[in-house]
């Protein structure tokens, strides 16, 4: 499943805001919103077709705990990612490959991407698919869509599979997808900021 924004987006002039980098970031955000909105729609459609419900939380009292637990799990995954990058060359190469494929993003664009991906992927995978396919199969599918089973991104697929299992177990433990949604947002927000900011790998 990535703190400052680029300088040209901090108090930028009109001409600077229209730079290629800014245009790339805006296009990236539009694609991200459309893609993950479609993913969420598919998730709800699957739930409707299977006469099931995508449960977010077990009531208002549980929601606060879900948010806190989700944030904690997300920070733990981010910490594990940072540890891997410090210890293993393959992890550093993966970060560099991902960073080279992404435009420079402001904090706002990072936030949009984190929120959209966190909701879209969790609605589909943990909300709609996991209740029918189970934790293991859903986690494997989650990994495959992130990097396939061969090629240069297979290590990302492995990481995504482990992260997907963690998020799926969290959804099962909390009885809803709010906690994994928050965890997913935290992971993507922090890691994406690192990958697309001025200090990118």
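The values are calculated or read from the model by the stated rules, or taken from the named source; none is laboratory data. All of these numbers come straight from a predicted model, not from anything done at the bench. In this analysis, Cβ positions are derived from the backbone assuming ideal geometry, glycine residues included, and neighbour counts consider all displayed protein chains.
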Completion exercise
Residue pairs qualifying under the 7 Å Cβ cut-off, at least six apart or on distinct chains, with the first in the stretch 79-95 being farther than 16 Å from residue 190 by Cβ and the second being surrounded by 11 or more Cβ atoms within 10 Å (Cβ to Cβ) and at pLDDT 90 or above, are 92/85
Exercise for the section: Pick out the one residue from 169, 179 that is at pLDDT 95 or above, surrounded by fewer than 22 Cβ atoms within 10 Å (Cβ to Cβ) and assigned to a helix (DSSP H, G or I). Expected result: 169
